[in-house]
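Asks: Here you go, one structure.
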Amino acid sequence: VPAAEIAESLFTDAELDKATRAEPEVIGKEEGVSYAAAMDPATRANAWTLVVAALREVAGGGVRRSVVRACEWIGKPGEPLRPKLVMKGIAEVLSSYDVDTVWSDQASGDALRDIGEDEGVHVVLEPWTQASKISAFKDLQTWVRTDQVELAPVTNLKADLLGARRKHTRGGVTIDLVRTADGRHSDYAPSVAMAMGLWWSSSKARC
C-alpha cells in the first residue's frame, strides 16, 4: 500500500478494555452531573445509534467523560427503520436524563428536526466535516489514552471504536470508519466522538 494511503487505528484493544467499566451497562441520572446526547442516524444497512455522555468533576480539578447509555436500532432486510418510532424511543431515553437535545450530523437533518420536535426533542445539526471529525476523534483518542474516558460495556461499542481509523491519503488526512461484513459502519464511533468531543468543546447543549 502506498504510504499516502496508509490507515492507522485510533485505538487499541488494550486501551479500550482499560477504558470500559465492568458494569453496569446503564448508569441512570445522577444529581450534579451534566449530560449530552448524540446520534448517528441510519434506516437501512447501518445501525441508528444513540449515546448519552456524562461529565463529572474529579479530584484535582479534572473531568471524566462517561458513556452512561448507548443504544441502537437496526432495521431488517426489506424493513427499514421508521424514523418517527426511533425518535420516540430516543425521546424516552433522553427524558430519563432530563435532556431534550440530541446532536446529529446533517444526514436527513431537516426531516429529523421536524420529527424530533413532534416528540419533544431538539435536534441540533452539527456539520460533520472531515475537519470536525479529525478534531473530535483526536480529542477522544487523547482522553482515552489519558484515562479521562469511561465506556459502557455495550455490545458493538468497542468493536465500532476499533473500526475508527486515521487514513493518510494523497489529499490529506481523513477519518475512515470500517465497514464490516455484517453491515455495520463503526456505527457507535461517531456518536461517542460527537457526544464527548464536539458537545463539550462547544458548550452549546440545552439540558
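Asks: If each DSSP helix of 4+ residues adds -39,500 (n - 2.57) and the sum is divided by the residues in the chain, what number results at 222 nm, nearest 500 deg cm²/dmol?
Replies: Mean residue ellipticity at 222 nm (helix-derived): -8500 deg cm²/dmol.
Asks: Suppose R0 equals 30 Å; then what is the FRET efficiency for Thr146 and Thr169 from their Cβ-Cβ distance, rounded to the nearest 0.05?
Replies: E(calc), rounded to 0.05, equals 0.60.
Asks: OK, next. Just the number, please: carbon plus sulfur as a percent of the accessible area of the range 61-207, 1.4 Å probe, no ligands or DNA/RNA counted.
Replies: Here carbon and sulfur together make up 50 percent of the probe-accessible area.
Asks: In percent, how large is the relative contact order of the chain, given Cα pairs closer than 8 Å and 6 or more residues apart?
Replies: Over the chain, the number comes to 31 percent.
Asks: Same structure, new question: Which residues make up the longest stretch of the chain clear of GluC sites (Glu not before Pro) that lie in a DSSP loop with no more than 16 other Cβ atoms within 10 Å, not counting the sites?
Replies: It runs 32-207.
Asks: For Ser95 and Arg179, compute 0.36 nm times the residue count separating them, minus their Cα-Cα distance, and round to one decimal in nm.
Replies: Stretched fully, the Ser95-Arg179 segment lengthens by 27.1 nm.
Asks: Okay, next question. Just to be sure I understand, if you calculate Cα Rg over 2.2 N^0.38 Å for this structure, which of [x] 1.31; [y] 0.99; [z] 1.11 do you get?
Replies: This structure yields the entry labelled [y].
Asks: Using Cα pairs closer than 8 Å and at least 6 residues apart in sequence, work out the relative contact order for the range 127-190, in percent.
Replies: 30 percent
Asks: Enter the Cα centre distance for the pair the range 82-142 and the range 47-74, rounded to the nearest angstrom.
Replies: The range 82-142 and the range 47-74 have Cα centres spaced 14 Å from each other.
The values are calculated or read from the model by the stated rules, or taken from the named source; none is laboratory data. Quantities reported herein were computed from a predicted structural model and do not represent experimental measurements. Every residue, glycine among them, receives a Cβ derived from its backbone with ideal geometry; neighbour counts consider all protein chains shown. SASA here: full protein model, heavy atoms, side chains in, ligands and nucleic acids out. Shrake-Rupley method; radii C 1.70, N 1.55, O 1.52, S 1.80 Å.
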